[in-house]
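Participant: Sharing a structure below in structure tokens format, with a few things to ask.
The values are calculated or read from the model by the stated rules, or taken from the named source; none is laboratory data. Quick caveat: nothing in here was measured; it's all calculated off a predicted structure. Here Cβ is always computed from backbone atoms with ideal geometry, including for glycine, and neighbour counts include all displayed protein chains.
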Amino acid sequence: MSDIPVEVIADILSRLPVKSLLRFRCVLKSWCALIDSPRFIKSHLNRSIKTNTNHSFIFRIENLYSIDLDSLDHAVRLDNPIKNEEETELVVSLDGLVILCNPFYNEVILWNPSTRKHRKLPVSQVEFPSGCLFINFTTLGLGYDSVSDDYKLVRMVQFVGKDDDSFHSEVKVYSLKSNTWRRVGDFPYHLLHRVLPGITINGALHWVVTPKPKWDTASLIASFDLGVEEYRLVPKPECLDEDIVPLFVVTLGDCLCIVCKYPGGRVDTWVMKEYGVKESWTKLFSIAEPSMFGSFHFLRPLAYSKSGGEVLLELDNAGLSWYDLRRKRVKHIPIRGLEGFVEGNICVESLVPVHGDDGGKDGEKQQPQKKMKPNNKKKRDGFLSKGFKLVL
């Protein structure tokens, strides 16, 4: 074993799933040091993202579950680090890290379900500006700042002003390295969707916004650059510039994606092939109602298949389907025990730690995963179907 170069061992190990790597840490002290090293953690993560492997769909039906994207045949129940599972909100996932919230107890948990480590974030009080009546929107976004090599959680709170045209914002950024919150410049736009988190692409978080809190105002795509901490606008496709079309943004592959639903029922999905370049917007697919899906209110692209020829879709938080881009056909995915409401995110397996450089400890190790049992109980509404009420 000692005759094998370290580079070769690292390359072989970087192709394995996290579950195997956690076991192999016990083989040799040198392997443990290698697997725990920041360089290997990044290498393993980048390989999984590049090859579209080691991905799962983490979702909530009263409890938290995970299903492997390669098989999509059965779900496994996860041990929730938030004790009161029924009050858990599954917010967003990035690089294997998941943000969980309990809005009733002001809890925000940073969790890596692959390593079964978690961390409870410190509380940061909301500062009410004078003249504001109440909180209208609260949204979160998790991103990676390559400049400081730090994961950051952005909390944006918008307050209702005295008249219909006025609003105020408070934006705070949590640093994983320092384990602290700090306030940054106020967000100059009005959030259009209160229940959708910020979407991370190219080192920036993205939201759909309007200049003023009016629905008859053309929507825009605003971003927050995590490196320089500045707000910018991202251009929309040319044909959408003058249209007043409700839309939201998602991540599809490594591209920014927008979904637009028109009053007549047609849904267009666009991807930005080259970030920031308006001319690179490409229409991925278009669906008109009535369609193969029937009537629906909510359609969200989640991920490409390994071949890239299909897109995994979530419809009305009620199930998963594959959409064939070439044949323009849909195939519903039956999953044992998965019935009714679904709220979830794509998550890549990773070794990314939930602690920063402040010496803080990870959460307690969780118990082994349990097989999911069919659940026919009435499903609760979740983060994607109701106003997010968290106040930290």
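Participant: For the stretch 299-324, enumerate the residues that are assigned to a loop (DSSP other than H, G, I, E, B) and farther than 17 Å from Arg266 by Cβ. Write out each step before concluding.
Facilitator: First pass over the stretch 299-324, keeping only residues assigned to a loop (DSSP other than H, G, I, E, B): 305-309, 316-319.
Ser305, Lys306, Ser307, Gly308, Gly309, Asn317, Ala318, Gly319 - these are the residues of the stretch 299-324 that are assigned to a loop (DSSP other than H, G, I, E, B) and farther than 17 Å from Arg266 by Cβ.
Participant: For the stretch 317-333, which positions are surrounded by fewer than 16 Cβ atoms within 10 Å (Cβ to Cβ) and either acidic (Asp, Glu) or within 20 Å of the chain's Cα centre (by Cα) (or both)?
Facilitator: Matches in the stretch 317-333: Ala318, Asp324.
Participant: Hey, among the residues in the stretch 1-53 that are of a type in the set (Gly, Ala, Ser) and within 23 Å of Leu94 (Cα to Cα), which one's surrounded by the fewest Cβ atoms within 10 Å (Cβ to Cβ)? Walk me through it before giving the result.
Facilitator: Going through the stretch 1-53, the residues of a type in the set (Gly, Ala, Ser) turn out to be 2, 10, 14, 20, 30, 33, 37, 43, 48.
Pick out the ones that are also within 23 Å of Leu94 (Cα to Cα) and you get 14, 20, 37, 43, 48.
Values: Ser14: 19, Ser20: 10, Ser37: 13, Ser43: 16, Ser48: 21.
Looking at residues that are of a type in the set (Gly, Ala, Ser) and within 23 Å of Leu94 (Cα to Cα), I get Ser20.
Participant: From (1) within 28 Å of Leu252 (Cβ to Cβ); (2) touching a Lys or Arg at 6+ places or on another chain (Cβ under 8 Å), pick out the condition that doesn't hold for Ile35.
Facilitator: Failed condition: (1).
Participant: If a residue must be modelled with pLDDT of 95 or more and touching an Asp or Glu at 6+ places or on another chain (Cβ under 8 Å), how many such residues does the stretch 144-170 contain?
Facilitator: Here the count works out to 3.
Participant: Let me ask something else about it. Just checking, how many residues over the stretch 249-266 are farther than 15 Å from Leu312 by Cα, over 15 Å from the mean Cα position of the chain (by Cα) and buried (at least 19 other Cβ atoms within 10 Å of the Cβ)?
Facilitator: Selection size over the stretch 249-266: 2.
Participant: Being in contact with a Cys (Cβ under 7 Å, 6 or more places away or on another chain) and not aliphatic (A, V, I, L, M): is that true of Ser56 here?
Facilitator: Numbers: in contact with a Cys (Cβ under 7 Å, 6 or more places away or on another chain): yes; not aliphatic (A, V, I, L, M): yes.
Yes; evaluated as a whole, the condition is true for this residue.
Participant: Return the only residue of Leu100, Leu90 being modelled with pLDDT under 90, out of contact with any Cys (no Cβ under 7 Å at 6 or more places or on another chain) and closer than 23 Å to Ile49 by Cβ. Break it down into steps so the answer makes sense when it comes.
Facilitator: Working: Leu100 fails: modelled with pLDDT under 90.
Exactly one residue qualifies, and that residue is Leu90.
Participant: Can you run down the residue pairs with Cβ atoms below 8 Å, 6 or more apart or on separate chains, where the first is in the stretch 150-179 and under 16 Å from Leu192 (Cβ atoms) and charged (D, E, K, R) and the partner is surrounded by 17 or more Cβ atoms within 10 Å (Cβ to Cβ) and at pLDDT below 85?
Facilitator: Going by the 8 Å Cβ cut-off, the qualifying pairs are Asp164/Pro213; Asp165/Pro213.
Participant: Now for a different question. Going through the stretch 148-177 one residue at a time, which ones are within 12 Å of Leu121 (Cβ to Cβ) and either surrounded by fewer than 18 Cβ atoms within 10 Å (Cβ to Cβ) or of a type in the set (Gly, Ala, Ser) (or both)?
Facilitator: Residue satisfying the conditions is Ser175 alone.
Participant: Also: Within the stretch 10-30, can one find any residue that is closer than 30 Å to Asn202 by Cβ, in a strand (DSSP E or B) and aliphatic (A, V, I, L, M)?
Facilitator: Let us first name the residues in the stretch 10-30 that are closer than 30 Å to Asn202 by Cβ, namely 10-11, 13-18, 21.
Adding the requirement that they be in a strand (DSSP E or B) leaves none.
Taking every residue of the stretch 10-30 in turn, none turns out to be closer than 30 Å to Asn202 by Cβ, in a strand (DSSP E or B) and aliphatic (A, V, I, L, M).
Participant: Next question. For the stretch 53-64, give me each residue that is over 21 Å from Thr251 (Cα atoms) and at pLDDT 85 or above.
Facilitator: To start, the set of residues in the stretch 53-64 that are over 21 Å from Thr251 (Cα atoms) comprises 61-64.
Once the filter is applied, which keeps residues that are over 21 Å from Thr251 (Cα atoms) and at pLDDT 85 or above, the stretch 53-64 yields only Leu64.
Participant: Tell me, please, whether a residue that is more than 15 Å from Cys347 (Cα to Cα) and in a helix (DSSP H, G or I) can be found in the stretch 43-57.
Facilitator: As a first pass, look at the stretch 43-57 and keep what is more than 15 Å from Cys347 (Cα to Cα): 43.
With the extra rule that they be in a helix (DSSP H, G or I), the set shrinks to 43.
Scanning the stretch 43-57, I find at least one residue that is more than 15 Å from Cys347 (Cα to Cα) and in a helix (DSSP H, G or I), so the answer is yes.
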